[in-house]
Amino acid sequence: MTLIYKARVPTNIAFLKYWGKSDATQQWPANDSLSMTLDLYSETLASREPLPAQAGAYAFSSDQALTASEAFLHKGLRHLQWLAAQLDFSERIYLHTRNEFPASCGIASSARGLGSLTLAALACWTQSSSLSQLASCGFTRERIAQLARAGSGSACRSFWGGFVHWQRGETAQTQSVLPLASQDHWDLRDTIVIVSTQEKLISSSQGHRLAPTSVQFVPRLARLPARLAEFQTAILQKNIRQLGQLLEEEALEMHAVMASSQPPCVYMSEATQTFLQFLQEIRVQKALPIYFTLDAGPNVHLIYEARHQEAVASLLKTYQTIDVGISSGPSLGTETAQDGHH
Ligand code: DP6
């Protein structure tokens, strides 16, 4: 019988964006960020025995040579090897990661992907079958988030449900992640409108490096503390109009920094622009409080209160969408497989 550790980690959509790093080797962001954890997961299975092949899964083993070229595989493998070296775990483990919606959809997959990889690997190395058992081995949620952050910065926000604040702190060592409000505080939804399924040409890590070359970067950083306070108030008071205005201002500002960096990185496509215009029109016509935010990609995230879910769905009938609510956070469990099969 083979014991398989199963980690499920959600993705998150940033309201206040992490864009630019003060120190890339220590994954120290240039600014605080704030996100909502989404009901959209990556699942990683980990075991000390080879796992049966799985359709649509990325397979890793901790002692694999770094030859993978596919972007996620490369990032994941590098992180796994870093984790093993950092924590002095030498035992070989095998992992499979699967995304609820394929990564190639261009849907933020690095936060959940690297998050679930980290959680499953730690569970397997320490033989912990629950989050509380992991904590008793010294891997508290804070510690796991910190380790996942090394793989992908935004992954650290995925270890709490609801609304989450990643604080930059005074030094790289004093940065921290804390929940602002829980999943049931405010019933918001995110409908992701897939305007393009192309993989992005510029990775976000590369984009982070370019951010400080934009003349808009420093003025942006100066504006962010005030915007953070406004975001916090809008969330705590459940003020959708204020939240919406902040979301759009912030997303457009990040894309302005992207487009004005040297060389420029343009993540929006013509289809993004066309959709945003359409949104503008329907918002006026229907007087619906639906607002957009954008990631480092062309797809649009629509944020709105759950009571408008049907109205939003009927407006978007002709689009490919993924409609998700708020997640309560990650989970960890085990299952057994006979002779390596399950
Ligand atoms: C635009 O976390 O993917 O989604 O730390 O280099 O892995 P690395 O970058 P990543 O950057 C996310 C950028 C963003 C904004 C955000 O999630 O805050």
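The table that follows gives values for the structure above.
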| item | result |
| --- | --- |
| Carbon and sulfur %, accessible surface of the range 188-324 computed with the full protein complex present, 1.4 Å | 53 percent |
| Unit charges on C-beta of K, R, D, E only; dipole of the range 1-137, Debye | 120 debye |
| Accessible heavy-atom area order of Trp82, Trp28, Trp125, highest first, probe of 1.4 Å | Trp82, Trp28, Trp125 |
| Dimensionless Rg over Rh [the chain; C-alpha; Kirkwood] | 0.96 |
| Overall dimensions of the range 276-321 as given by Cα atoms, namely Rg and Dmax in Å | 10.5, 29 |
| Average accessible area per residue (Å²) across the range 188-324 - probe 1.4 Å, nucleic acids and ligands excluded | 49 Å² |
| Estimated distance in nm for a label pair at Gln81 and Ser130, the labels positioned 7 Å out from Cα along Cα-to-Cβ | 3.7 nm |
| 222 nm mean residue ellipticity, helices alone, for the chain (DSSP H n ≥ 4; -39,500 (n - 2.57); rounded to 500) | -11500 deg cm²/dmol |
| The range 128-179 - percent relative contact order, Cα under 8 Å, separation 6 or more | 24 percent |
| Contact order relative to length of the chain, as percent, for alpha carbon pairs under 8 angstrom and 6 or more apart | 27 percent |
| Dipole of the range 188-324 [Lys/Arg +1, Asp/Glu -1 at C-beta], most positive-end residue of Gln242, Thr272, Ser203 | Gln242 |
| Relative contact order (percent, whole number), the range 188-324, Cα cutoff 8 Å, 6+ residue spacing | 45 percent |
| Options Phe163, Leu117, Ser90, ranked by Cα towards positive dipole end of the range 74-193, top entry (Cβ charges) | Ser90 |
| Accessible area of Thr25 in the full protein assembly, 1.4 Å probe (Å², nearest 10) | 130 Å² |
| Nearest-20 debye value, the chain charge dipole, Cβ charges on Lys, Arg, Asp, Glu | 380 debye |
| Simple Cβ-charge dipole of the range 188-324, Lys/Arg +1 and Asp/Glu -1, about Cα centre, in debye nearest 20 | 200 debye |
| Overall Cα dimensions of the range 188-324 - principal axes, largest extent first, Å | 42, 35, 24 |
| Dipole-positive endmost among Phe72, Phe60, Thr140 within the range 40-197 (Cβ charges, Cα centre) | Phe72 |
| In degrees, nearest ten, helix 71-87 long axis to first principal axis of the chain (Cα) | 50 degrees |
| Set of lysines with alpha-carbon distance to Lys21 below 29 Å, sequence-local pairs under 8 removed | Lys75, Lys200 |
| Span from the the range 69-92 Cα centroid across to the the range 154-207 one, whole angstrom | 22 Å |
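The values are calculated or read from the model by the stated rules, or taken from the named source; none is laboratory data. The structure presented is a predicted model; accordingly, all values stated were derived computationally and were not measured. Positions of Cβ are generated from backbone atoms using ideal geometry, with glycine treated the same way; all protein chains shown enter the neighbour counts. Quick note on the areas: whole protein, heavy atoms, side chains included, nothing else; ligands and nucleic acids left out. Shrake-Rupley method; radii C 1.70, N 1.55, O 1.52, S 1.80 Å.
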